[in-house]
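Undergrad: Quick one: the structure is below, and I'll ask about it shortly.
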Amino acid sequence: MEFELWYLIAVPLLFASGWWLRGLDARQRKGERNNIDDQYFKGLSLLLSDEPDKAVDVFIEVVRLDEDTIELHHALGNLFRRRGQFERAIRLHSFLVNRAELPERERAKAMSELSLDYLKAGMYDRAEAAYEKLAEFKGRENEANEALMHIYVTEREWVKAIETARKLSGAGRKLNHEISHYYCELAAIARLAKDSARAHEYTRSALAQNAENPRALALSADLALEAGDRVAALAAWDKIERTRPEYLPLIAAKKADVLAETDHEKALSYLREAFATTGSVDVLKAFVQRTAVWVDEASAMNVASDALKSRPSLSTLSVISSLKAKANPCDEQAKILADIAARQSKITARYQCRHCGFLAHTFSWQCPGCEQWDTFPPLRVDEVRQARR
Ligand SMILES: [Zn+2]
């Protein structure tokens, strides 16, 4: 009986206390919700009043109270970054990264955004450190390594770029083409430092990655020539002509000089053929200069005249007018004409990236616009147009 009495009193009491506690919890949550809403409006008001720094402080407080607002913080951080307000984007994303109680997925996302903030702000050292931390998050390694490779290429840290590219290759990305160029960069640096052993080693590594890389083959020919190995140099140039004939303008003059060591006529025929095939003004200049030295000035003039007839352009006109000015040093008009033709042809003669259309006055292996490799043909825009006619 005593037990039944206790039971009859206790159960309603427990129900009542549960109801009261639920009410208290709801009232508390309602209070917090109201507080968050107030903070939100305060933050928005500060943002609209053009006081973004104070708004950031308020929004940081909001996320402290309510984790459901993380997406809003990312959106706000991205907005700051797109507007170039990197310091504010970094503050927001740093706050999220440092919240140890956040789920790992959210912290990884925040770390990714923070890394991008540093990268876009041009703070490469911090971006590098941030991406290295991002690589430690599960499933984020490739994203981090792609960005790190971009940073190392921008900073011309070729050894690190190769290491990172190899990690990405291990994850399925095909990067032999890029790695081959990174080795070529190292080879070029070694050559400048007169370290031919290293230059050879890097060139071999470049060719191991891409046996038909015209840059690595051209480097290999240059190194062979420096070592007195003409046979190896000719073999490398022949390979470029077979596999990537469009790069002939880069090697024609050097190859002609090697051929001329035994046979001038053979060298000139080679240059005649190379100009007929490519229409390259660089090849024409080499042809004209060498004809003047190996034969005579009159023959060189004939070569230039024929070129102007077959490939009329400002660049070929510049070649012939420069020859005429040189042949008649007292002719003031010839000199002025040669200067005008040279200036005008320099303005119009530009290399164009096949990938993004970037125009450049000098040839390079990597496009400064889109950062792709081998996208500049070694022919200027007017030479390409001539070739299509
Ligand atoms: Zn480009």
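Undergrad: How do the pairs read when you match residues in region 329-358 that are closer than 20 Å to residue 378 by Cβ with residues anywhere that are among the hydrophobic types (A, V, I, L, M, F, W, C) and away from the ligand (no atom under 16 Å from the Cβ), using Cβ under 6 Å and keeping only pairs 6 or more apart or on different chains?
TA: So the pair list comes out as 345/314; 348/314.
Undergrad: Say we look at region 315-338 and pick out the residues that are surrounded by fewer than 20 Cβ atoms within 10 Å (Cβ to Cβ), among the hydrophobic types (A, V, I, L, M, F, W, C) and part of a helix (DSSP H, G or I); which of these is farthest from the chain's Cα centre (by Cα)?
TA: Of region 315-338, the ones surrounded by fewer than 20 Cβ atoms within 10 Å (Cβ to Cβ) are 324, 326-337.
Now narrow it down to the ones that are among the hydrophobic types (A, V, I, L, M, F, W, C): 327, 330, 334, 336-337.
Narrowing the set further to residues that are part of a helix (DSSP H, G or I) leaves 327, 334, 336-337.
On the way: 327: 46, 334: 44, 336: 41, 337: 40 Å.
By that ranking, first place goes to 327.
Undergrad: State all residues of region 339-380 that are on the phi < 0 side of the Ramachandran plot, assigned to a loop (DSSP other than H, G, I, E, B) and near the ligand (Cβ under 9 Å from one of its atoms); if no residue qualifies, say none.
TA: 353, 354, 355, 356, 358, 367, 368, 369, 370, 372, 375, 376
Undergrad: Going through region 253-280 one residue at a time, which ones are basic (Lys, Arg), over 35 Å from the mean Cα position of the chain (by Cα) and closer than 21 Å to residue 221 by Cα? First the steps, then the outcome.
TA: Going residue by residue through region 253-280, those that are basic (Lys, Arg) are 254-255, 266, 272.
Now restrict to residues that are over 35 Å from the mean Cα position of the chain (by Cα): 266, 272.
Residue satisfying the conditions is 266 alone.
Undergrad: OK, next. Which condition does residue 283 not pass, out of (1) of a type in the set (A, V, I, L, M, F, W, C); (2) surrounded by fewer than 14 Cβ atoms within 10 Å (Cβ to Cβ); (3) within 32 Å of the chain's Cα centre (by Cα), if it passes all the others?
TA: (2)
Undergrad: Can I ask one more? Please go through region 359-389 and give me each residue that is farther than 22 Å from residue 212 by Cβ and either acidic (Asp, Glu) or buried (at least 19 other Cβ atoms within 10 Å of the Cβ) (or both), ordered by number.
TA: 380, 382, 383, 386
Undergrad: Which pairs turn up if I take residues in region 275-293 that are at positive phi and look for partners that are crowded, with 24+ Cβ neighbours inside 10 Å with beta carbon separation below 6 Å, at least 6 apart in sequence or on another chain?
TA: 279/383
Undergrad: Could you list all residues from region 130-145 that are part of a helix (DSSP H, G or I) and surrounded by 15 or more Cβ atoms within 10 Å (Cβ to Cβ)?
TA: 130, 131, 133, 134, 141, 143, 144, 145 - these are the residues of region 130-145 that are part of a helix (DSSP H, G or I) and surrounded by 15 or more Cβ atoms within 10 Å (Cβ to Cβ).
Undergrad: If you take the residues in region 190-205 that are aliphatic (A, V, I, L, M) and touching a residue at least 12 places away in the same chain (Cβ under 8 Å), which one is surrounded by the most Cβ atoms within 10 Å (Cβ to Cβ)?
TA: Of everything passing the filter in region 190-205, 199 is surrounded by the most Cβ atoms within 10 Å (Cβ to Cβ).
Every number in this text was worked out from the coordinates using simple rules, so none of it is lab data. Model, not experiment: these values are computed from the prediction. No Cβ is skipped: glycine too gets one built from the backbone with ideal geometry, and neighbour counts run over all protein chains shown.
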